[in-house]
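First the structure, in the form of structure tokens, and then the observations on it.
The values are calculated or read from the model by the stated rules, or taken from the named source; none is laboratory data. Keep in mind the model is a prediction, meaning the values are calculated, not measured. FYI the Cβ positions are ideal-geometry reconstructions off the backbone, even for glycines, and counts take in every protein chain you see.
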Amino acid sequence: MVKDKPAIYFYEIECGIDNIQLLTGLILTALFLCIFIFTGIRLFMIAANLPLIIMFFIVFIRKRSFIRVHLVKSAGQLN
């Protein structure tokens, strides 16, 4: 009997929203929300929700471009 070795693969998982985009969206949301609280202008409340809406659009509508999985190397190629 010939026994095959199990194949071991290494994957790299990439996200469509990087840390800078996430931080920028959170800062803009907080800034527009603070402006809305102090002024009461509803346009700033709408603007505060836009970064969140855009991120939800990227996550739920464009799923294939949001999470990307790449095969880095298999264990046989490491040697």
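Residue check, Arg62 against (1) modelled with pLDDT of 85 or more; (2) loosely packed, with under 12 Cβ neighbours inside 10 Å, all met but one. Which one?
So Arg62 meets the others, but not (1).
To keep it simple, each residue is scored yes or no on (1) within 14 Å of the chain's Cα centre (by Cα); (2) β-branched (Val, Ile, Thr).
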{"position": "Ala7", "(1), (2)": "no, no"}
{"position": "Ile17", "(1), (2)": "yes, yes"}
{"position": "Leu22", "(1), (2)": "yes, no"}
{"position": "Phe32", "(1), (2)": "no, no"}
{"position": "Arg42", "(1), (2)": "no, no"}
{"position": "Asn49", "(1), (2)": "no, no"}
{"position": "Ile53", "(1), (2)": "yes, yes"}
{"position": "Arg62", "(1), (2)": "yes, no"}
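Give just the number: which of (1) among the small types (Gly, Ala, Ser); (2) out of contact with any Phe, Trp or Tyr (no Cβ under 8 Å at 6 or more places or on another chain); (3) in a helix (DSSP H, G or I) does Ala7 not satisfy?
If we test Ala7 against (1) among the small types (Gly, Ala, Ser); (2) out of contact with any Phe, Trp or Tyr (no Cβ under 8 Å at 6 or more places or on another chain); (3) in a helix (DSSP H, G or I), just (3) comes out false.
Of the residues Ile27, Ile37, Ile46, Ile20, only one is modelled with pLDDT of 85 or more and within 23 Å of Val69 (Cα to Cα); which?
The conditions single out Ile20.
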